[in-house]
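Student: Got a structure for you, written out below as structure tokens; questions coming shortly.
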């Protein structure tokens, strides 16, 4: 991204926005950074932090509202799309609402970017979008496909769209770590299945991946961060040492192990030092040297799942991270 540009962040008062905003203000010194979200209370709380910074603007709006998005994107150079309905059980029991936000909202974002001359847009995705088994994952897979296809509509010199995909954000609001910590005094923690594995990422790593995608993209790429895995049992041990595990079984819509790259994507996936890049096969983009750059082609049967990961986070490493970040866990 260029310095002194205008950036719009949808869902900007969420966990990702809490890190993206200060880190981006420091690194890119934007002319304006627009926080677009529908929660006025969260905007009010965030405004108390940045109220004296004239670069930070707040815009009440919903990604479902096409007209409001068009108004908000007037003069915007770059868009980061983080707004989504994300909680798996919420999506399962409110499917129409999840579709309206995650799929219809994606269409509205793409149209508004194209109509307002936005230069680049990066959409946040999830490991649950790869071979989805729940509605949330299915809507994010559809969203990913829409953003990739958006490049076909933009023309040679207009907006470029790409996607970043990563796993569970450590310590974010509503995630398992603050949930487990909240039960520390009880001595008992509900565990779905101690064999369950999940990818682990910090918010700072997520922001770095968005920045990289914004600078590297030609259009249509899905960037997948290389991150470590942990079992749920080890996460509990790090968060609440010595706690009794109450095994409750896998909930509707959950997987035992998560996947970020499936074998179907392997023929179009390239490996780099700290990430993978899935390049779409449409328009022969997967053979485009400008998109591949210095990537190394993965094996045709390659999969990237949380149980076959080469990188694992130890109980001690997560325990140290929790101790260092205890004051902010669950607050962002």
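Student: Can you work out the FRET efficiency for the pair residue 39 and residue 282, with r the C-beta to C-beta distance and R0 = 22 Å, to the nearest 0.05?
Tutor: With a Förster radius of 22 Å, E is 0.05.
Student: Have a look at the stretch 74-169 and give its Rg and Dmax from the Cα atoms, expressed in angstrom.
Tutor: Considering the stretch 74-169 through its Cα atoms, Rg and Dmax are 13.4, 42 Å.
Student: Quick one: grab Rg to one decimal and Dmax as a whole number for the chain, Cα atoms only, in Å.
Tutor: Over the chain's Cα set, Rg and Dmax evaluate to 19.5, 59 Å.
Student: Moving on to the next point. The stretch 1-101: D in µm²/s via Stokes-Einstein (Kirkwood Rh, Cα pairs, 4 °C, 1.567 mPa s)?
Tutor: 92
Student: Moving to a separate point now. To one decimal place, what Kirkwood hydrodynamic radius in Å is obtained for the stretch 141-251 from all pairs of distinct Cα atoms?
Tutor: Its Kirkwood hydrodynamic radius stands at 16.3 Å.
Student: Among 303-309, 93-99, 136-142, how do they line up by average Cβ neighbours within 10 Å per residue, starting with the highest?
Tutor: 136-142, 303-309, 93-99
Just so you know, all these numbers are worked out from the coordinates, no wet-lab data involved. Quantities reported herein were computed from a predicted structural model and do not represent experimental measurements. Heads up, the Cβs are rebuilt from the backbone with ideal geometry, glycines too, and the neighbour counts pull from every protein chain shown.
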